[in-house]
Amino acid sequence: MSQSTAATIPGRTEWDGGVSPMGVSYGKLMMWFFLLSDAFTFSGLLVSYGLIRSQHQAFTGDHAKFVFSHEYWPVPERVFEAVPFFHGVELPLVFVGIMTFVLIMSSVTMVLAVEAGHRMDRKAVEKWMLWTILGGVTFLSCQAWEWTHFIIGTDAGTTIKEFVNGSWTTRVIHGANMHENQYGPQAFADFFFFITGFHGFHVFSGVMLNFLIYYRTVTGMYDRRGSYEMVEKVGLYWHFVDLVWVFVFTFYYLV
Amino acid sequence: MAHHSHEPEVIVAPPNKEKIMHLWKVAGILLVITIFEFIVAFTMHHGSMKTFIFVVMTIVKATYIVGEFMHLRHEVKVLIWAILFPVIFISWMIGALVFEGMKMSDINFLR
């Protein structure tokens, strides 16, 4: 764990080797720096999203009278208002609220697994890791449903005007993909797929890592090693995934 | 599976009640902030004040996750700064480019 930084040899600073100036093991430090570089990747997406979004016109009218149009950036709470088994009922942000709750709870169970690992309590680590995996799988399933709904679109669809063979025609489009978007400007759909997709990929990798940790705990690997530090390292990654979702939730769904 | 003699003797410590209570308290704070965000989302008029509240709430949540769940608040100062310092530049860049985008919007859609 944390090595003492006070035990330096006279004439040598704590940066001359032999001690850990940052007070954490090599593996944990590298996980921190990996997460920092991952934060750069996500902020690349967030920065470009902020630029493109603020370039577009905002919807200024009454939210109740909001309709989908390519003229302005959509109001997110009117886009994400569907919940499974409640077809046609407008429940703005309810489903994404459930997803947020699931991810925060799985972060809590992860930190409880880390706490159990400190005590070498294999049974408790197994229990909390299973809850964490369950939370991650639930979140991914929710996201799969949300993507499906986003791609299929609403029953009514949106009527667009387009120039085909020298004359203006109208056409009804449903849902969104990489070249058509019923909800608003094309960039809205593109950023939705890229940002939530990249985050979802991280959740998927996290579930894989969590399962690996769970497997190695069950087979007694960390008991033989005498340390559950791997739970801590993967825990750092899992909390980071939760942290990114906090930002995605605010900047894509709330603002 | 049969017991192997080379399995190590593991001493399991009792649960640290105080620490576990603290973790659940942090989880409670995160949930309360999220609920508060929902209330703001549905009751407040859309505007820069609303956006400001959301950004502040997000930073508070991020601080709790990184500080308590990821344990950064209890690490050595040099590690805290190694992580926080680059993040300051990220926030600056987000702010700068959002501002830039608004100026570009003003030019594109002269009002």
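The values are calculated or read from the model by the stated rules, or taken from the named source; none is laboratory data. Computed from a predicted structure; not experimentally measured. Please note: Cβ atoms are built from the backbone with ideal geometry, for glycine as well, and neighbour counts cover all protein chains shown. Just the protein is used for accessible areas: all its heavy atoms, side chains included, with ligands, DNA and RNA removed. Shrake-Rupley method; radii C 1.70, N 1.55, O 1.52, S 1.80 Å.
So how far, in whole Å, is the C-alpha centre of the stretch B:68-89 from the one of the stretch A:182-228? Result: 23 Å between the Cα centres. Remark: relative contact order (chain A) = 21 percent; criterion is Cα-Cα distance under 8 angstrom and separation of 6 or more residues. What you get for the protein assembly as shown, charging only the Cβ of Lys and Arg (+1) and of Asp and Glu (-1), is a dipole of about 420 debye around the Cα centre. The accessible area of A:Met230, taken with all protein chains in place and a 1.4 Å probe, comes to roughly 50 Å². Label point of A:Val172 set 7 angstrom out along Cα-Cβ; within the stretch A:81-125, amide nitrogens under 16 Å from it belong to A:88.
Can you return the aspartates and glutamates within cross-link range of A:Lys65? Criterion is Cα-Cα under 19 Å, with same-chain partners fewer than 8 residues away left out. In chain and number order, the partners are A:Glu77, A:Glu81, A:Glu90, A:Asp155. Shape class of the stretch A:1-128 from the alpha-carbon gyration tensor: oblate, with a/c at 1.5 or above and b/c at least as large as a/b.
Which FRET efficiency, nearest 0.05, do A:Thr60 and A:Trp145 yield, Cβ-Cβ r, R0 30 Å?
With a Förster radius of 30 Å, E is 0.40.
By how many nm would the segment from A:Leu45 to A:Phe33 lengthen if fully extended, with 0.36 nm per residue of separation less the alpha-carbon distance?
Values: separation 12, 0.36 × 12 = 4.32 nm, distance 1.90 nm.
Between A:Leu45 and A:Phe33, full extension yields 2.4 nm more.
Cross-link list A:Lys123/B:Lys77; A:Lys28/B:Lys50; A:Lys233/B:Lys77; B:Lys50/B:Lys77: which exceed 26 angstrom alpha carbon to alpha carbon? Intermediate values should be presented prior to the final figure.
Details: A:Lys123/B:Lys77 34 Å; A:Lys28/B:Lys50 38 Å; A:Lys233/B:Lys77 20 Å; B:Lys50/B:Lys77 34 Å.
A:Lys123/B:Lys77; A:Lys28/B:Lys50; B:Lys50/B:Lys77, as the Cα separations exceed 26 Å there.
When the Cα atoms of the stretch A:134-244 are aligned to their principal axes, the ranges along those axes come out at 75, 21, 21 Å in descending order.
Given a 1.4 angstrom probe, I'd like the percentage of the accessible area of chain B that is carbon and sulfur, rounded to a whole number. Please report the intermediate quantities before stating the final value.
Details: 5650 of 7750 Å².
Taking all protein chains in place, chain B shows 73 percent carbon and sulfur surface.
Relative to its residue count, chain A spans a Cα convex hull of 172 Å³ per residue. With all protein chains kept in place, the per residue accessible area of the protein assembly as shown amounts to 53 square angstrom at a probe of 1.4 angstrom. Taking all Cα pairs closer than 8 Å and separated by 6 or more residues, the relative contact order of chain B comes to 18 percent.
Taking all C-alpha pairs of the stretch B:19-89, those more than 13 Å from each other amount to 70 percent.
For a straight C-alpha distance cut-off of 22 angstrom, the lysines reachable from B:Lys25 (same-chain residues fewer than eight places away being disregarded) are A:Lys127, B:Lys17, B:Lys61.
What does the C-alpha gyration tensor say about the overall shape of the stretch A:114-195? Classify as rounded when a/c is under 1.5, otherwise prolate if a/b is larger than b/c, or oblate. Verdict is prolate for the stretch A:114-195.
A straight Cα-to-Cα reach below 17 Å connects B:Lys19 with the aspartates and glutamates A:Glu115, A:Asp121, A:Glu232, B:Glu68, B:Glu75, residues fewer than 8 places away in its own chain not being considered.
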